[in-house]
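Read-outs throughout are calculated quantities, based only on the coordinates presented, and are distinct from any laboratory measurement. Treat the numbers as computed from the prediction; the structure is a model and nothing was measured. As a convention, Cβ positions derive from the backbone with ideal geometry for all residues, glycine included, and neighbour counts pool all protein chains shown.
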Amino acid sequence: MLSVLKNLIRSVAILLLVTFATFCLMFGNGTGIARSILGYQAAEVDVQQKVIELGLDRPLLTQFGDWIAHAVTGNLGESFFTGQTVTSALATRVPVTLTLIVLTLILTVIFSVLLGVAAAVYGGWLDKVLQFISVLGAAIPPFIIAIALIFTFAISVRLLPATGYVSPDQSVTGWIMSITLPIAALLIGSVASAASQFRGAVLDALSKDYVRTLRARGLKESRVIFRHVLRNAGGPGLTVLSLQTLGLLGGAIFVEQVMALPGMGQMANQSAQQGDVPMVMGTVVVTIIIVLCVNLLSDFANTILNPKARTR
Amino acid sequence: MSAEVSMNESATAEPAAGRSVLRRLLKNPLGMLCSAFLLFIIVLGVFTPLIAPFKPNEANLNSVNAQPFSPGHLFGADRAGRDVLSQLLWGTNGTLLGSLLVLVIAIVLGVTAGLLAGFYRGKIEAVAGFVTDVVMSLPSIVLLIALFALTGPNVMIAMAVFGVLVSPTYYRLVRSVVLSVRSELYIDAAKVVGLTDARIIARHVLWAVRAPVVIQSSFVAASGIAIQAGVEFLGLGDPEQPSWGGTLQDANGNIYNNQFGVIWPALLVSLTILSLILFGNVLRDVMQASAHDKNLKKSRRRTLLQNAQSERTSAKSSNDEKAFLSIRGLKVGYPDGPEDVRTVVHGVDLDVRRGEIHGLVGESGSGKSQMAFSTLGILPKEAVILGGSIFLEGQDLLADKKAQAAARGRRIGYIPQEPMSNLDPSFTIGAQLVYGLRAVKNISAKDAKEELLALLTRVGIRNPKNVMRLYPHEISGGMAQRVLICGAVAADPELIVADEPTTALDVTVQAEVLELLRELSTERGLAMILVTHNLGVVADLCDTVSVMKDGRIVERNDVESLFNNPQQEYTKTLLESSRSVELTEA
């Protein structure tokens with residue numbers, strides 16, 4: 001219980017620290033922001049006026065204090081361009097990205113556990129093939145996988161829509177069709193790296209003394225693997241998954257870009273290119289919060305899985 | 001002195017080692033292929049101005065969306081009529097510079113921090129560790145996108161920041177290497193000789209970290225290229241500057257008009273990244289793996305096992321009729337190369353009658369444990385049984401896998417050496433005991449629990465109900481060994497194989513556990529094979545004894561005769577050395 005609290009405090013500290021650093025970076029150059037909003041040909045007077053209008057002339061600490069004070073009430077500011085609040089923009093964007101990531105994670109767990117256990121237990125050619133595919137799948141960046149998938153399933157064989165998103169409220173089949181390719185694009189790399197790491201965790205658990213003793217007691221091999229080895233490989237497996245989530249958050253930005261999904265990665269990218277600083281700031285903060293929540297969850301799950309961590 | 005020696009050795013070893021690594025790298029077909037491809041890319045980057053058919057961004061309206069392999073445009077042209085091959089060539093230099101920048105920044109930062117943290121520990125290490133944790137828990141690409149709002153399109157700044165973001169991988173690597181090198185003796189020796197800290201670091205630690213850093217760099221360069229292409233692909237690069245990712249972005253935007261345009265940049269980026277990763281893998285194998293492959297070929301293993309099996313069926317079983325367990329001509333080997341097997345047990349015979357406690361003594365590595373594991377059929381996966389038979393009341397367990405599985409746990413029990421590591425840490429004592437008993441006995445969970453509670457009390461555990469709810473880390477080593485003994489005898493086996501059952505225990509607990517084993521043996525008529533290196537244990541507990549040396553049994557007798565009248569020179573030395581140990585201990 002104490003360790004959960006300690007982790008929570010640590011996470012909040014990291015959140016504040018990183019938020020502050022990002023804020024300083026992004027709001028540090030007030031004239032730059034104003035100029036990029038007005039265009040590079042704008043007159044110096046107009047730029048200065050814009051700086052004052054947006055409150056960018058105040059000391060950074062004051063600006064940050066202001067931003068934080070609003071942020072805790074759920075107000076992350078407004079877009080410089082559309083006037084839309086950042087929170088309302090995020091409210092439509094975050095669910096899209098989270099759906100993508102959560103579904104991919106679930107599928108990753110299923111596939112990588114099956115493949116990892118199979119490779120570790122049977123070894124031989126299966127193991128070799130899996131390791132080769134793992135290197136390949138983990139090496140190729142997600143945007144190239146996404147383009148390759150579009151090339152194959154949307155252009156060569158017109159099976160699935162190449163781009164766009166259908167909300168599940170409009171049409172469930174449309175929704176499934178629209179997220180199949182994006183999930184596949186994320187899944188390939190994710191399974192490739194998770195499976196090979198999970199294979200390592202299973203091999204590690206298999207080499208333990210107690211596995212030999214359990215076998216010597218006459219337990220069936222299937223029982224040894226599915227009850228004892230899997231359970232003990234679960235801890236390292238969780239760490240793999242929480243790292244995988246980090247990779248997926250990055251990968252989603254590319255996949256959203258290639259497949260035109262209205263997620264938060266696309267929002268971050270578009271806002272950054274326009275110089276819409278509050279919107280970028282909002283997505284960065286939400287991303288960090290997601291990452292920290294995942295870490296907390298995985299720590300918590302680990303204390304449930306690992307009796308040693310539980311009693312500590 | 002020793003510091004001098006090790007320095008001289010490393011100084012002379014270096015050039016030879018460097019050359020042999022290169023040679024072995026190029027001898028590996030995959031290593032050769034990747035090196036050649038990477039070298040090719042570097043040459044293309046360096047000589048772009050000489051070989052590129054067109055100038056950067058040179059557009060020709062007649063070639064808009066030209067197909068691949070059309071005249072003048074080997075890879076075709078994009079929607080603005082720019083030659084794709086030329087654009088990619090002009091982007092090569094930027095890609096190479098970008099990854100170089102990432103490498104330099106990450107190595108300088110990470111290695112320095114790792115050296116300092118590993119060498120001085122304390123506050124430096126705590127701060128560096130925290131920063132590392134924070135940086136590594138952030139998705140780099142999100143930060144690079146945020147950075148764009150500040151700096152505008154400048155890929156080199158983005159790559160420099162990425163260098164900072166990946167530096168923790170070097171930090172962790174170097175720190176762990178430093179910690180291990182630090183604890184080694186020669187640094188202490190160097191300190192005594194009077195070298196300054198800086199020189200110690202420079203001479204020894206940098207030498208020790210070079211191989212892992214080189215290997216890691218290959219992977220970091222790969223991720224650098226991926227992230228650079230990604231940043232450019234998102235449109236965060238300089239649109240005036242031809243680049244791999246930019247070319248891909250352009251082709252992707254035009255995919256409905258010219259679907260094959262995406263192939264070239266996608267292939268180039270993927271192949272380069274893949275080459276770097278495979279190059280790193282080969283390099284790791286070459287630099288860190290042992291000189292030769294120890295895995296046995298599958299076909300060779302099959303032949304060996306078949307030979308052993310056919311020998312078994314043709315040979316007449318000459319086992320001792322009165323023996324409960326008869327081992328005949330047991331040969332066990334371990335792989336030592338694709339075709340070779342190193343034999344560790346050379347055709348051993350052993351008989352154990354009902355109720356007999358048979359000691360198996362010898363030095364470590366003499367093959368005692370291999371015999372114990374063979375009897376139970378729990379040898380490691382890579383081990384090969386090269387021949388021989390293990391008869392359990394006349395039935396050959398090695399010839400019949402099913403018979404072996406049926407005997408394991410039911411008729412033959414196993415008590416391991418190290419109590420703590422032989423209990424599954426994720427399950428309570430009670431749960432794993434019940435699982436074990438129910439695996440071999442058709443019994444309800446409730447009855448199993450009742451039986452085990454009684455047996456736990458019998459093996460000397462007070463308050464067994466409470467102990468059953470505990471996890472292995474919550475009990476002492478002596479208790480854990482009693483639990484394991486309980487697990488071994490619960491199924492009412494006729495034979496127990498105990499592998500050094502007291503070695504890992506405190507001296508006082510040792511005596512109690514031996515006493516318990518003796519009592520259980522008399523109560524239940526248990527036969528026992530007691531593997532040990534301790535002749536005192538043998539004298540205390542055993543009826544008969546076999547002395548093992550280098551995978552062979554050199555002498556066997558009843559305990560009294562062997563102790564009073566040893567026949568073999570080896571047995572005599574063994575007895576003498578154990579007596580001198582007793583004298584010094586007393």
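For segment B:488-537, taking Cα atoms only, Rg and Dmax work out to 10.9, 29 Å respectively. At the listed q of 0.08, 0.16 Å⁻¹, the Debye profile of segment A:94-311, built from one uniform point per Cα, gives log10 I(q)/I(0) equal to -0.35, -1.10. A dipole drawn for the protein assembly as shown from +1 and -1 charges on Cβ atoms has a positive end, and of B:452, B:430, A:306 the residue lying farthest that way is B:452. Taking only the Cα atoms of the protein assembly as shown, the ratio Rg/Rh comes out at 1.05, with Rh defined as the Kirkwood radius.
Applying both filters, DSSP loop and at most 16 other Cβ atoms within 10 Å, to the chymotrypsin sites (Phe, Trp or Tyr not before Pro) of segment A:7-113 gives A:40, A:81. A simple charge model with +1 on the Cβ of Lys and Arg, -1 on the Cβ of Asp and Glu and nothing else charged puts the dipole of segment A:2-71 at about 420 debye relative to its Cα centre.
For residue B:354, the amide hydrogen comes within under 5 Å of the amide hydrogens of B:324, counting only partners 5 or more places away or on other chains and with H modelled in the peptide plane.
Suppose every K and R has +1 on its Cβ and every D and E has -1 on its Cβ; what is the size of the dipole of chain B about the Cα centre, in Debye to the nearest 20? Mind dumping the intermediate values first?
Details: 54 positive and 56 negative charges, 225 e Å.
Magnitude of the dipole: close to 1080 debye.
Other chains near A:136-142: what is the mean number of their Cβ atoms within 10 Å of each residue's Cβ?
Values: counts 4, 0, 3, 13, 8, 14, 2.
What the average comes to for A:136-142 is 6.
Bridges between two residues of the protein assembly as shown, per DSSP, are antiparallel at a rate of about 60%.
Residues of segment A:177-218 falling in the label zone of residue A:308, defined by backbone nitrogen less than 17 Å from a point 7 Å along Cα to beta-carbon, are A:201-202, A:204-211. Which is farthest toward the positive dipole end of segment A:94-311 among A:278, A:176, A:216, measuring Cα position about the Cα centre, with Cβ charges +1 (Lys, Arg) and -1 (Asp, Glu)? With unit charges placed on the Cβ atoms, the residue in question is A:216. Projecting the Cα atoms of A:48, A:15, A:68 onto the charge dipole of segment A:2-71, computed from C-beta unit charges around the Cα centre, puts A:15 farthest toward the positive end. Over what distance in Å are the Cα centres of segment B:320-382 and segment B:497-559 separated? Value for the Cα centre distance between the two parts: 16 Å.
Dimensions of segment A:32-135 based on its C-alpha atoms, expressed as ranges along the principal axes with the largest first, amount to 72, 34, 26 Å.
Within 10 Å of each Cβ in B:472-481, how many Cβ atoms from other chains are there, averaged over the peptide? Present the calculation step by step, with values, prior to reporting the outcome.
Numbers: counts 3, 5, 3, 0, 0, 0, 0, 0, 0, 0.
Per residue, the number of nearby Cβ atoms from other chains is 1 on average.
Order of B:120, A:165, B:414, B:334 from fewest to most other C-beta atoms within 10 Å?
Values: B:120 12, A:165 21, B:414 28, B:334 17.
Lowest count first: B:120, B:334, A:165, B:414.
The loop-placed trypsin sites (Lys or Arg not before Pro) in segment B:412-516, going by DSSP, that have at most 16 neighbouring Cβ atoms within 10 Å of their Cβ come out as B:441, B:462, B:469.
Under the rule a/c < 1.5 gives rounded, and otherwise a/b versus b/c splits prolate from oblate, where does segment B:62-125 land using the Cα gyration tensor? Before the final figure, lay out each step's value.
On the way: a/c = 6.93, a/b = 5.89, b/c = 1.18.
In terms of gyration-tensor shape, prolate.
Put simply, the amide H of residue B:549, placed in the peptide plane, has neighbours under 5 Å in B:554, leaving out anything fewer than 5 places away on its chain.
Evaluating 6.51 cos²θ - 1.76 cosθ + 1.60 at θ = phi - 60° for every residue in segment B:99-107, the Karplus couplings come out as 5, 4, 4, 4, 4, 4, 5, 5, 5 Hz, glycine and proline recorded as x. Taking only the Cα atoms of chain B, the radius of gyration and Dmax are 33.7, 105 Å. 3J(HN,Hα) along segment B:354-360: 4, x, 8, 9, 10, x, 10 Hz, from the Karplus curve 6.51 cos²θ - 1.76 cosθ + 1.60 with θ = phi - 60°, whole Hz, x for Gly and Pro. With R₀ set to 56 Å, the beta-carbon distance separating residue A:61 from residue B:295 gives a calculated FRET efficiency near 0.35. Normalised by the number of residues in chain A, what is the relative contact order in percent for Cα pairs under 8 Å and 6+ residues apart? Dividing the mean separation by the residue count of chain A yields 24 percent. In terms of packing, defined here as the mean over residues of other Cβ atoms within 10 angstrom, the peptides B:106-114, B:21-29, A:127-135, B:217-225 line up highest first as B:217-225, B:106-114, A:127-135, B:21-29. The relative contact order of segment A:2-71, computed from alpha carbon pairs under 8 Å that lie at least 6 residues apart in sequence, is 29 percent.
Shape call for segment A:2-71 from the C-alpha gyration tensor, a ≥ b ≥ c root eigenvalues: rounded (a/c under 1.5), prolate (a/b greater than b/c) or oblate? Don't skip to the end; give the middle numbers.
Numbers: a/c = 4.72, a/b = 3.14, b/c = 1.50.
Taking the square roots of the gyration eigenvalues as a ≥ b ≥ c, segment A:2-71 is prolate.
Dividing the helix sum by the residues of chain A, where each DSSP H run of 4 or more adds -39500 (n - 2.57), gives a mean residue ellipticity at 222 nm of -25500 deg cm²/dmol. Across segment A:93-108, rounded Karplus estimates of 3J(HN,Hα) from the backbone phi angles (6.51 cos²θ - 1.76 cosθ + 1.60, θ = phi - 60°) give 8, 4, x, 4, 5, 5, 4, 4, 6, 5, 4, 4, 4, 4, 5, 4 Hz, Gly and Pro being marked x. Rg/Rh, computed from the Cα trace of segment B:300-419 with Rh as the Kirkwood radius, has the value 0.95. Sorted on the mean count of surrounding Cβ atoms within 10 Å across their residues, most packed first, peptides B:78-85, B:368-375, B:299-306 read B:368-375, B:78-85, B:299-306.
Using just its DSSP H runs of length 4 or more, each adding -39500 (n - 2.57), chain B gives a mean residue ellipticity at 222 nm of -19000 deg cm²/dmol after division by all residues.
Computed about the Cα centre, the dipole magnitude for segment B:106-187 is approximately 140 debye when only Lys and Arg (+1) and Asp and Glu (-1) carry charge, each at its Cβ. If you average the alpha carbon positions of segment A:117-166 and of segment A:175-208, how far apart do those two centres end up, in angstrom? Going from one Cα centre to the other spans 10 Å. Applying 0.36 nm per residue to the separation of residue A:289 and residue A:41 and subtracting their alpha-carbon distance, the gain on full extension is 85.5 nm.
Among the residues of A:41-47, the average count of other protein chain beta-carbon atoms within 10 Å of the residue beta-carbon is 0.
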